[in-house]
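A.B. asks: Following this message is one structure expressed as structure tokens.
The values are calculated or read from the model by the stated rules, or taken from the named source; none is laboratory data. None of the values given here were measured: they were computed from a predicted structure. Cβ coordinates were reconstructed from backbone atoms using ideal geometry, including for glycine residues, and neighbour counts include every protein chain displayed. Calculation scope for accessible area: heavy atoms of the full protein, side chains included, ligands and nucleic acids excluded. Shrake-Rupley method; radii C 1.70, N 1.55, O 1.52, S 1.80 Å.
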There are 2 protein chains.
Amino acid sequence: MRPIPPESLVALLGRWSAGRGPLYLLLATRLRQLIADGELPDQHLLPPDRTLAAALAVGRGTVVAAYDVLRQEGRLVRTRGSGTRVCAEAPDPGTSGTATANPLFLHLLDRPGDGVLQLACAGPDALPPELVAAHHTALDHLSRMSSAGLGYHPAGVPELRTALAARYTAQGVPTTQDQILVTTGGQQALALLARLLVAPGDRVLTETPTYPGAVEVFRDAVAAIRTVRVAEHGLDVDAFAAAMTRERPALAYVTASFHNPTGTCVHTLARRRLARVAERSGTPLVDDEVLAPLGFTDQPPPIAAFATADEVVTIGSLSKLVWGGIRIGWVRAAPAMITRLARLKATHDLGGDVLAQLSAAHLLPQLDELRRRRVAALRERHDHLRGELARVLPEWEVTSAQGGQTLWVRLPGTDTESFAQTALRHGVAVVPGSAFDPGRGHREHVRIPYLADPATLGDAVERLASAWRQGAAVR
Amino acid sequence: MRPIPPESLVALLGRWSAGRGPLYLLLATRLRQLIADGELPDQHLLPPDRTLAAALAVGRGTVVAAYDVLRQEGRLVRTRGSGTRVCAEAPDPGTSGTATANPLFLHLLDRPGDGVLQLACAGPDALPPELVAAHHTALDHLSRMSSAGLGYHPAGVPELRTALAARYTAQGVPTTQDQILVTTGGQQALALLARLLVAPGDRVLTETPTYPGAVEVFRDAVAAIRTVRVAEHGLDVDAFAAAMTRERPALAYVTASFHNPTGTCVHTLARRRLARVAERSGTPLVDDEVLAPLGFTDQPPPIAAFATADEVVTIGSLSKLVWGGIRIGWVRAAPAMITRLARLKATHDLGGDVLAQLSAAHLLPQLDELRRRRVAALRERHDHLRGELARVLPEWEVTSAQGGQTLWVRLPGTDTESFAQTALRHGVAVVPGSAFDPGRGHREHVRIPYLADPATLGDAVERLASAWRQGAAVR
């Protein structure tokens, strides 16, 4: 099939650029409407971006970004060699320029009702006693000061920056406090890095599946997301390294230990290789270590151990080891990048909560003990959930995790987006695989966290099984 | 003088679009360079945006945004009727796409050395005992819960949203909890609103002078900032209302009580009028009430009292009444806008610190008592600083504030950007007037906070006077 002639598309587009907002969003909006109205029928080829840009007298970046928006929504499909094709049957993800329809985020915004077992979001659900004690200590300390300052620390309070730098140094990654920026959780670290490094239309390289919160950030930055598969045994490092060189992304994002959602871990040699490729290709490689403290066995050092801070940026957080509600994350990067991030953070919120940061600084020395306790519990629950799934739902394909908090489970022949709806009606909230895939693939997978106590996990598996049996009756 | 022919400018621009980032920034960067190199000489007229856009085959928005970036830097000047003119003598504000050179923010990022009196940033510098008590209570409460949840609340913890809504309702502005979004201080409220409402090139209407943190946010959003003057007696409401109708800004920003930096207050009838004009023109009017609790006398209700929440958005914060380090701010708006802001906040940081929010909820009932105490102290210090300035520096023109924390002072015939440098060498940090003016005017003004104790204020005035005498020797 030949592409629609550019002049015909220009005529169809009409007064597309009237209205408020950036051109690429106006163009995407009008194209979306033409697809919805059937004016651009299913499987029709669109003109190449360069051709359409010339016909519309706009920059090529405008068309690239508009196509990317629609591609991410599933309304366009690009195949190497054959161009960009309309996909009219795409499910409506209900996205707009600023909205998010990611199920993980919707579960945060609109919690399931009472009685529903929450297996959607994952994290500890209570404050460890060490955190409570650290808070009381920090509060006493602050209230005894004659002046506590104005409380604005865009880069983070010095006590915590110093303590985090010392912790990295002790772990064999020499770090100074000017290499640390404290953020409101790992999520803000990602958001600030994207704001600094990614312009609309820029390429971003991620794993797939990957952390949905990262995908939301990159979509918000209107990045063109390229992906490399994470299989059962972990990331295809050859393919990721090749893509870093080939695609020259503005940012590459990995979760080397432990991958969310599969729980896999990138081994030492591969880390060294990723660091070297980042250096050679000049690609900022963001290593998300938010789940790194949750390894079941010894694990390799962070990728940053094999590179200079100019190329490899590390994200950390207390959310998964301590508690999400304390909202303490950080970036480790070169001092010059930290300065730029701090300026951005000043504009965005002038800095985070001071008491939480001081508490975190008091807590750091006890982190290893806390970690031993939590990992022991997680390991037991991991084994329990695996056992229950194998016993009750033997048709499901479940692999082991090496760390983290979740199992990645394949339900052969099942569309998990609709299975998740059925499961919710059976009283258990799970997130379908497509939420973890920027291209909305992995539609036979679900992610199941093993954070709950064994009784709750057993109950959840029973509810999943009854949802599964109802689905089987339909299948 | 006729404008430079577009084809000559296109030739000068050369390969301007090569490089990473949005087109308008690439174009602004290249134009900045041509101005710096003298290729575009002082006072030369540039082609109209439409003409240049056609010549470069880019959208008009690209040129508008690029011109606006340079206009905000003072490198271009636009005069109605005569076009856009090069201003080669502009001081170099050292800005780049993401950096900020605003002195107020630089003082946060790079604190003055020991012994320098900090009259740059303004806010309480210690935790009131009520805050400490509320924190201990909240911590006890949280630590006794068997489950404290995951800790992610993009819209804010329900306890605080409900308490804030009840407080508005008690103040005569009926509010439900779904009209409240909790933010990391008032700054994040501004940043999220700009992200939601302002696209690059959109017009934003502000007062001048105004809060520099707002200007940073609007610059970060690449807005075209239009301003209306705040004179000695306050905002020119006629001019602001006319500009709302004429400019149709994507967002209009006012600080009705109390204006930062002048300490003036918009009276009741004018508030009613602003609300009506916002409604009629469909302009989102953002009323920044961060300083509203610091009124020396009774004050009118917020502008939101005179409008539906669809048009008037209110920003509040505990930073100026309680302490900046607790980082609790909020937005009051229509429920639909709150939902969209919460989705944005989920992407940006998944929600703020939970303990700080619960402490704030516990603190709210004691806010009025805290306010009485703080206002009494501020009033005394306001009078003291005014008295000292009148006694020691009678040449300076000092008006009274009706509330807030700062005096707006005119130093006749003095460039306060260089005076601020002299003052710093004399051991006192003040922010020059140009930091409060999106157009970098108000160059004879400085803002002086009266938060310090009387002895420190007296000392500061002496240091200002010795800087002034040194300047006089030069003048």
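A.B. asks: On the first, second and third principal axes, largest extent first, how far apart are the outermost C-alpha atoms of the protein assembly as shown in Å?
C.D. replies: Sorted from largest, the Cα extents of the protein assembly as shown read 87, 68, 53 Å.
A.B. asks: For Cα pairs less than 8 Å apart in space and 6+ apart in sequence, what is the mean separation divided by the residue count of chain B, i.e. the relative contact order in percent?
C.D. replies: On the way: 879 pairs, mean separation 80.0, N = 475.
Reported relative contact order: 17 percent.
A.B. asks: Could you work out the mean count of beta carbons from other protein chains within 10 Å of each residue's beta carbon in B:144-157?
C.D. replies: Numbers: counts 2, 3, 2, 3, 7, 9, 15, 13, 12, 6, 4, 2, 0, 1.
Mean partner shielding for this stretch: 6.
A.B. asks: Let me ask another. Restricting to Cα atoms and excluding each atom paired with itself, what does the Kirkwood estimate give for the stretch B:6-86 in Å?
C.D. replies: Hydrodynamic radius (Kirkwood, Cα only) of the stretch B:6-86 equals 12.5 Å.
A.B. asks: Still on this structure: If exposed means no more than 12 neighbouring beta carbons inside 10 Å and the site is in a DSSP loop, what's the longest run of chain A without any exposed GluC sites (Glu not before Pro)? Mind showing how you got there, number by number?
C.D. replies: Working: sites that count: A:Glu89, A:Glu232, A:Glu395.
Answer from the scan: A:233-394.
A.B. asks: Are there any trypsin sites (Lys or Arg not before Pro) in the stretch B:35-80 that are in a DSSP loop and have at most 12 other Cβ atoms within 10 Å? List them by number. Show your work: numbers first, answer last.
C.D. replies: Working: sites: B:Arg50, B:Arg60, B:Arg71, B:Arg75, B:Arg78, B:Arg80; in loops: B:Arg75, B:Arg80.
Hits after loop and neighbour filter: B:Arg80.
A.B. asks: Shortest first, in nm, what separates the label point of A:Arg425 from those of the same position in the other copies (7 Å along Cα→Cβ)?
C.D. replies: 7.9
A.B. asks: Give the angle, between 0 and 90 degrees and rounded to the nearest 10, that separates the Cα long axis of helix A:185-197 from the longest principal axis of the Cα atoms of chain A.
C.D. replies: 50
A.B. asks: Which whole-number percent gives the relative contact order of the stretch A:162-285, counting Cα pairs below 8 Å spaced six or more residues apart? Let's see the in-between values first.
C.D. replies: Numbers: 163 pairs, mean separation 26.4, N = 124.
It rounds to 21 percent for the stretch A:162-285.
A.B. asks: Place a +1 charge on the Cβ of each Lys and Arg in the stretch B:6-86 and a -1 charge on the Cβ of each Asp and Glu, then give the dipole magnitude about the Cα centre in debye, rounded to the nearest 20.
C.D. replies: With Lys and Arg at +1 and Asp and Glu at -1, about 220 debye.
A.B. asks: A further question follows. With each run of n ≥ 4 DSSP H residues scored as -39500 (n - 2.57), what mean residue ellipticity at 222 nm is computed for chain B after dividing by its residue count and rounding to the nearest 500 deg cm²/dmol?
C.D. replies: Mean residue ellipticity at 222 nm (helix-derived): -14000 deg cm²/dmol.
A.B. asks: From the Cα trace of the stretch B:129-368, what convex hull volume per residue do you get, rounded to a whole Å³?
C.D. replies: Working: hull volume 27.1 nm³, N = 240.
Spelled out: Cα convex hull of the stretch B:129-368, divided by residues, is 113 Å³.
A.B. asks: Sort B:Tyr24, A:Tyr168 from largest to smallest accessible area, using a 1.4 Å probe on the heavy atoms of the protein chains.
C.D. replies: Numbers: B:Tyr24 35, A:Tyr168 15 Å².
Largest to smallest exposure gives the sequence B:Tyr24, A:Tyr168.
A.B. asks: May I pose another question? Please work out how much accessible surface A:Leu108 shows to a 1.4 Å probe, ignoring ligands, DNA and RNA, in Å² rounded to 10.
C.D. replies: About 20 Å², ignoring ligands and nucleic acids.
A.B. asks: So what are the stretch B:298-417's ellipsoid semi-axes, whole angstrom, largest first, if each one is the square root of 5 times an eigenvalue of the alpha-carbon gyration tensor?
C.D. replies: On the way: eigenvalues 250, 72, 52 Å².
The equivalent ellipsoid of the stretch B:298-417 has semi-axes of 35, 19, 16 Å.
A.B. asks: Per 5 Å bin, what is the whole-percent P(r) computed from every C-alpha pair distance within the stretch A:122-168?
C.D. replies: Going from the shortest bin to the longest, the percentages are 4, 15, 16, 23, 24, 14, 3, 1, 0.
A.B. asks: If I take the Cα coordinates of the stretch A:204-258 and project them onto the principal axes, what are the three extents in Å, biggest first?
C.D. replies: 30, 24, 14
A.B. asks: Put B:His382, A:His233, B:His362, A:His445 in order of accessible area, largest first, 1.4 Å probe: what do you get?
C.D. replies: On the way: B:His382 10, A:His233 150, B:His362 75, A:His445 30 Å².
Reading off the accessible areas and sorting them downward yields A:His233, B:His362, A:His445, B:His382.
A.B. asks: So how far apart, in nm, are the two label points at B:Asp238 and B:His267 if each is 7 Å from Cα heading toward Cβ?
C.D. replies: The answer from the label model is 1.4 nm.
A.B. asks: Long-range amide H contacts for A:Thr208: which residues qualify at under 5 Å (H placed 1.01 Å from N, peptide plane, sequence gap of 5 or more or a different chain)?
C.D. replies: A:Val228, A:Arg229, A:Val230
A.B. asks: Roughly how tilted is helix A:354-363, in degrees to the nearest 10 and between 0 and 90, from the longest Cα axis of chain A?
C.D. replies: With both axes taken from Cα atoms, the answer is about 60 degrees.
A.B. asks: What's the FRET efficiency of A:Met145 with A:Leu45 using the Cβ-Cβ distance as r and R₀ = 60 Å, to the nearest 0.05? Mind dumping the intermediate values first?
C.D. replies: Values: r = 67 Å, r/R0 = 1.12.
That gives a FRET efficiency of 0.35.
A.B. asks: In nm, what does the list of distances from B:Pro129 to its counterparts in the other copies look like, shortest first, when each label sits 7 Å along Cα to Cβ?
C.D. replies: 3.1
A.B. asks: In addition: Of the beta bridges DSSP finds with both residues in the protein assembly as shown, what % are antiparallel, to the nearest 5?
C.D. replies: On the way: 56 of 94 bridges.
The antiparallel fraction comes to roughly 60 percent.
A.B. asks: What FRET efficiency comes out for the pair B:Ser400/A:Ser8, r = Cβ-Cβ distance, R0 = 60 Å, nearest 0.05?
C.D. replies: On the way: r = 68 Å, r/R0 = 1.13.
It comes out at approximately 0.30.
A.B. asks: Distances longer than 20 Å among the Cα atoms of the stretch B:132-197: what percent of all pairs is that?
C.D. replies: On the way: 973 of 2145 pairs.
Percentage above 20 Å: 45.
A.B. asks: Using R₀ = 60 Å, calculate the FRET efficiency as 1/(1 + (r/R₀)^6) where r is the Cβ-Cβ separation of A:Asp459 and A:Arg280; round to 0.05. Provide the component values of the computation, followed by the final result.
C.D. replies: On the way: r = 51 Å, r/R0 = 0.85.
Plugging the Cβ-Cβ distance into 1/(1 + (r/R0)^6) gives 0.70.
A.B. asks: For A:Gly282, which inter-copy label distances result when the label point lies 7 Å beyond Cα on the Cα-to-Cβ vector, reported in nm to one decimal and in ascending order?
C.D. replies: Inter-copy label distances (nm, one decimal, shortest first): 4.5.
A.B. asks: Hey, what do the phi angles of the stretch A:432-441 turn into as Karplus ³J(HN,Hα) couplings, whole Hz, using 6.51/-1.76/1.60 and θ = phi - 60°, x for Gly and Pro?
C.D. replies: Result, rounded to whole Hz: x, x, 4, 5, 9, 10, x, x, 6, x.
A.B. asks: A follow-up question, please. Can you pull a Stokes-Einstein diffusion coefficient for chain A at 4 °C (1.567 mPa s), Rh from Kirkwood over Cα pairs, as a whole number of µm²/s? Could the numbers behind the result be given before it?
C.D. replies: Details: Rh = 23.7 Å.
It comes out at roughly 55 µm²/s.
A.B. asks: Something else: Look at the axis of the rotation that sends chain B onto chain A, then give the chain B residue with the nearest Cβ and the distance in whole Å.
C.D. replies: Residue plus distance in Å, as requested: B:Asp353, 2.
A.B. asks: Just subtract the alpha-carbon distance of B:Ala376 and B:Gln33 from 0.36 nm times their residue separation and send over the number in nm, one decimal.
C.D. replies: 118.2 nm
A.B. asks: Where does helix A:335-349 land angle-wise versus the long Cα axis of chain A, in degrees 0 to 90, nearest 10?
C.D. replies: 80
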